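Engineer: Got a structure here, written out as structure tokens. Questions coming.
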Amino acid sequence: MAHLNITRRSLLGAAAAGAGMTLLPGRLQAAPSVTLGVASLDVSYAPIYAALKKGYFSAAGLDVEHLNSQSGPRTKQMLSAGQIFAASTGSSDSIALTMAGKPSVLVCSFERRPALANILVSKAAYDAGVRSVKDLAGRKIGVTQPQSLTWLLGVAITEAAGLKGKVDFRPLGDFTTMLGAVKAGSVDGCIASFSMLDAAEAEGWGMPIFRAYDDANWNSAFKGDLPGVGVYVLKDTLEEKRAEVQKLVDGLVKGTDWVKAASPEEIAELVKADFLPSTPLAALVSGAKRFKSTWNFDNTYTPTAYADLIAVMGDGRMYPSADLAARAKFADMADNSFVLKARGKV
């Protein structure tokens, strides 16, 4: 039998690793614990799920609790109230929070094109002649909450089609509730994720009429890249707990790198069991394939894409453009230094 050389130091080291603790000279120190609020459960958040399940946050020295906070507006409210450490929702929510007098800063980008820029309509509406965005006049379309990314995208897409003020956007909560409303016929359609589009078509109760991954659709409403889902923290948090923010971003970057290298099948398997058990695996695989074309694998924000997002939020949709230009400058709103450090570029 081989001799096992087990020392007190090795036992303590193993115990510390298992408990999420750091071994320091003469004492054990627990890793900092933070809560990350995520606006919904969807494949779009795969980098976060990967960081959680692959242990990348723990490896960075941070204990992260994942919280399904159910919508962008609710998540930013929780962040503002100090109930969560960081938020992952549409990047526009961070800007909105800052405009409301609670400065926040974007620290990690997941999408170069919002994958929620899809419109799904019920089979009944489709059969009744709703085949394009221009056919939505007078129709009810579900979004998560007023002023959320889903709402903003819906407004921008329909206004580009000449339907300003002609579509009835209904706040319904999370994506599961929106799907139920479309199936039940209480709304004609909703803003949807890729996996929602695929599930609707596969099950025969809905049809997509605008797809973010379709360049012709996208270019009919938007100029170019537009920051979608990201992670942001309060400015006070960034200043007071910079080390914890860095550890969070370290884990997110590792999660993003895993997603970039993984196959759609591997991504679907990773997210299904713990996060999306009721979504058909085939829909998750198809969604992951489409997300490969919209995810932002370098995690940084660019001034050009940010300016386009400000343009979409302005012109009175959410704010006067002049107010955004004065109060939501790129230099104040986006801090790429954490991502660059995580990638060894600074």
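The values are calculated or read from the model by the stated rules, or taken from the named source; none is laboratory data. Keep in mind that what you see is a predicted model, and the values were worked out from it rather than measured. Neighbour counts run over all protein chains shown; Cβ positions are idealised from the backbone, glycine included. The protein model used for the area step is the full one, side chains on, heavy atoms only, and it has no ligands, DNA or RNA in it. Shrake-Rupley method; radii C 1.70, N 1.55, O 1.52, S 1.80 Å.
Engineer: Are any residues in the range 197-209 open to solvent by 20 Å² or more (accessible area, probe 1.4 Å) and assigned to a strand (DSSP E or B), and if so, which ones?
Structural biologist: Met207
Engineer: State yes or no: is Gly138 among the small types (Gly, Ala, Ser), surrounded by fewer than 19 Cβ atoms within 10 Å (Cβ to Cβ) and either touching a helix residue (DSSP H, G or I) at 6+ places or on another chain (Cβ under 8 Å) or not in a strand (DSSP E or B) (or both)?
Structural biologist: Details: among the small types (Gly, Ala, Ser): yes; surrounded by fewer than 19 Cβ atoms within 10 Å (Cβ to Cβ): yes; either touching a helix residue (DSSP H, G or I) at 6+ places or on another chain (Cβ under 8 Å) or not in a strand (DSSP E or B) (or both): yes.
Yes: the conditions hold for Gly138.
Engineer: Collect the residues in the range 330-346 that are assigned to a loop (DSSP other than H, G, I, E, B) and either within 19 Å of the chain's Cα centre (by Cα) or more than 30 Å from Gly61 (Cβ to Cβ) (or both), keeping them in residue-number order.
Structural biologist: Those that are assigned to a loop (DSSP other than H, G, I, E, B) and either within 19 Å of the chain's Cα centre (by Cα) or more than 30 Å from Gly61 (Cβ to Cβ) (or both): Asp335, Asn336.
Engineer: Being touching a residue at least 40 places away in the same chain (Cβ under 8 Å), open to solvent by 10 Å² or more (accessible area, probe 1.4 Å) and not in a helix (DSSP H, G or I) is the filter here; which residues of the range 168-196 pass it?
Structural biologist: Those that are touching a residue at least 40 places away in the same chain (Cβ under 8 Å), open to solvent by 10 Å² or more (accessible area, probe 1.4 Å) and not in a helix (DSSP H, G or I): Gly173, Asp174, Gly185, Ser186, Asp188.
Engineer: Of Ser104, Ser132, Ser148, which residue is surrounded by fewer than 24 Cβ atoms within 10 Å (Cβ to Cβ) and not charged (D, E, K, R)?
Structural biologist: Matching residue, one of Ser104, Ser132, Ser148: Ser132.
Engineer: Answer with yes or no whether Val259 is within 19 Å of the chain's Cα centre (by Cα) and farther than 22 Å from Pro73 by Cα.
Structural biologist: yes
Engineer: In this structure, is Gly162 within 21 Å of Ala311 (Cα to Cα), small (Gly, Ala, Ser), open to solvent by 10 Å² or more (accessible area, probe 1.4 Å) and assigned to a loop (DSSP other than H, G, I, E, B)?
Structural biologist: For Gly162, the condition - within 21 Å of Ala311 (Cα to Cα), small (Gly, Ala, Ser), open to solvent by 10 Å² or more (accessible area, probe 1.4 Å) and assigned to a loop (DSSP other than H, G, I, E, B) - is met.
Engineer: Now, a different point. Can you list the helices (runs of 4 or more DSSP H) lying wholly within the range 210-329 that have 3 or more residues being closer than 14 Å to Phe110 by Cβ and either open to solvent by 60 Å² or more (accessible area, probe 1.4 Å) or free of Cβ contacts under 8 Å to residues at least 60 places away in the same chain (or both)?
Structural biologist: Working: elements: 215-221, 235-240, 242-261, 264-272, 281-291, 303-313, 321-327.
Fully inside the range 210-329 and qualifying: 242-261.
Engineer: Would you be able to say whether some residue in the range 223-240 is under 28 Å from Leu281 (Cα atoms) and out of contact with any Ser or Thr (no Cβ under 7 Å at 6 or more places or on another chain)? Step through it out loud before you land on a result.
Structural biologist: Here is the first cut: in the range 223-240, the residues under 28 Å from Leu281 (Cα atoms) are 227-231.
Checking the rest, the ones that are also out of contact with any Ser or Thr (no Cβ under 7 Å at 6 or more places or on another chain) come to none.
No - not one qualifying residue is present in the range 223-240.
Engineer: For the range 90-113, name all the residues that are part of a helix (DSSP H, G or I) and either touching a Cys at 6+ places or on another chain (Cβ under 9 Å) or among the aliphatic types (A, V, I, L, M) (or both).
Structural biologist: Result: Ile95, Ala96, Leu97, Met99.
Engineer: Across the range 98-127, what is the total count of residues that are touching a Leu at 6+ places or on another chain (Cβ under 8 Å) and without any contact (Cβ under 8 Å) to a residue 40 or more places away in the chain?
Structural biologist: So the count comes out to 0.
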